[in-house]
Each structure stands twice: as structure tokens, then as C-alpha cells.
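Trainee: Take a look at the following structure, please.
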Amino acid sequence: MPTPMGKSMARAQTEQAGEFLAQTVQTLSDYLNETTLSSLEAEEPGSRDYYRDVLSNLRKLAVYCEEGLLACRIRLKQVPFQDAAAERTLYQIYHRCIEEFFTPKKDTWYEDSRAAYTGKNAICFHEPAPASLKNLMASLETEYQSMREELEYYATDYRMKMVQPRS
């Protein structure tokens with residue numbers, strides 16, 4: 001479906017996702033390049049194993065976002081632009097990047113679904129967390145919420161296309 005300026009919706013959202021991912025990769029990389037287990041423990045004494053899992057989740061998220069950014073860049077260079085391929089890419093970004101942020105595999109943090117009503121941050125940690133970590137997640141949260149809303153359509157639409165019988 002073309003937008004008023006002649007650009008497809010998939011192309012516009014691929015551009016938007018690429019910008020989001022570039023910023024996210026930079027933010028995560030900056031944090032991970034400066035943070036160690038020892039620095040987390042010095043900031044907030046806690047479980048070394050828990051902090052190890054938190055950093056592991058952040059590294060995995062950074063890798064997923066880097067892969068998504070690369071996929072966006074590849075899709076945007078294709079001539080002609082391929083909407084179906086872009087939609088698959090957006091679907092994968094939703095499932096690998098967005099869902100991993102809100103529900104990491106190692107379950108070190110979770111999304112508080114009541115946060116929208118309480119005015120608090122949606123990301124909560126299962127154990128005490130250093131302020132630097134809380135600040136990192138809070139700095140990412142708004143853009144992640146926004147991108148989730150933008151890409152939810154692709155998550156649903158792509159899944160529906162995959163289960164529909166071919167005519």
C-alpha cells in the first residue's frame with residue numbers, strides 16, 4: 001500500500017526500524033563496553049550469577065539488533081524495493097529484538113503490564129539492580145514501546161499469511 005509520497009508502508013517502516021536499531025545498538029554497545037560484572041557489583045552488591053545473566057541478555061539483544069539493522073540496510077538497498085522481503089524482516093525484528101527486550105529468554109527482567117497506569121517504568125528486575133542498569137533500560141523503553149506498536153501489525157499479518165492456504 002503506497003503512502004502519499006509514493007513510498008510503500010513497508011519501506012517507510014523499514015527505514016524507521018533501521019533508525020531505531022542503529023540508536024539501540026549504539027546505546028547498548030556503549031553500556032556493554034563500559035560495564036563489567038565487577039562494576040555492577042561495586043554499584044549495587046548483588047548476585048554475580050544474576051548480573052552475568054543480565055549482561056548475557058543485553059549482549060544477545062545487541063546482537064539481535066545488529067542483525068536486524070544489517071537486514072534493514074540490505075532491504076533498503078534493493079532495487080526495486082521488495083515489500084514482501086521487508087515485511088519478513090520487520091516480522092523478524094519484532095520477534096527477535098522487540099520481544100527479547102520485553103521478555104528476555106533468561107528471565108532476568110520482565111515487563112510490568114500495569115506500568116502504563118502507574119506512570120512507572122515497564123521494565124522491572126527480578127533482583128536488585130544497579131542504577132546504571134535501570135537507567136539504561138529506562139532510556140530504551142520509550143522507543144521500544146513505540147517500535148513495538150509500529151511493528152505489531154507485521155507480527156500478526158505475517159503470521160496470518162503463513163497459515164493461510166495458498167490458492
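Trainee: Kindly evaluate Ala62 against the criterion of being under 24 Å from Glu143 (Cα atoms), at pLDDT below 95 and among the small types (Gly, Ala, Ser).
Mentor: No.
Trainee: Take segment 32-53 and flag every residue that is open to solvent by 70 Å² or more (accessible area, probe 1.4 Å) and aliphatic (A, V, I, L, M).
Mentor: Matches in segment 32-53: Ala42 only.
Trainee: Now for a different question. Take residues that are surrounded by 13 or more Cβ atoms within 10 Å (Cβ to Cβ), modelled with pLDDT of 95 or more and among the hydroxyl-bearing types (Ser, Thr, Tyr) and tell me which of the helices (runs of 4 or more DSSP H) falling wholly in segment 84-167 contain 2 or more.
Mentor: Output list reads 131-163.
Trainee: Another question, if that's okay. Please enumerate the residues belonging to segment 19-45 that are of a type in the set (D, E, K, R) and in a helix (DSSP H, G or I).
Mentor: Across segment 19-45, the qualifying residues are Glu19, Asp30, Glu34, Glu41, Glu43.
Trainee: Go through segment 70-83 and count every residue that is surrounded by fewer than 22 Cβ atoms within 10 Å (Cβ to Cβ), assigned to a helix (DSSP H, G or I) and in contact (Cβ under 8 Å) with a residue 24 or more places away in the chain.
Mentor: 3
Trainee: Pairs only if they're at least six apart or on different chains, beta carbon under 6 angstrom, first in segment 146-167 and within 19 Å of Thr14 (Cβ to Cβ), second at pLDDT 60 or above and of a type in the set (Val, Ile, Thr); list them, first residue then second.
Mentor: Partner pairs satisfying both residue conditions: Arg148/Ile98.
Trainee: If I filter segment 113-132 for residues that are within 14 Å of the chain's Cα centre (by Cα) and within 25 Å of Arg48 (Cβ to Cβ), do I get at least one hit?
Mentor: Yes, segment 113-132 contains at least one residue that is within 14 Å of the chain's Cα centre (by Cα) and within 25 Å of Arg48 (Cβ to Cβ).
Trainee: Right, Val79: closer than 22 Å to Thr108 by Cβ and out of contact with any Gly (no Cβ under 8 Å at 6 or more places or on another chain) or not?
Mentor: No; evaluated as a whole, the condition is false for this residue.
The values are calculated or read from the model by the stated rules, or taken from the named source; none is laboratory data. As the structure is a computational prediction, the values presented were derived from the model and not from experiment. Positions of Cβ are generated from backbone atoms using ideal geometry, with glycine treated the same way; all protein chains shown enter the neighbour counts. For accessibility, only protein heavy atoms count, side chains too; no ligands or nucleic acids. Shrake-Rupley method; radii C 1.70, N 1.55, O 1.52, S 1.80 Å.
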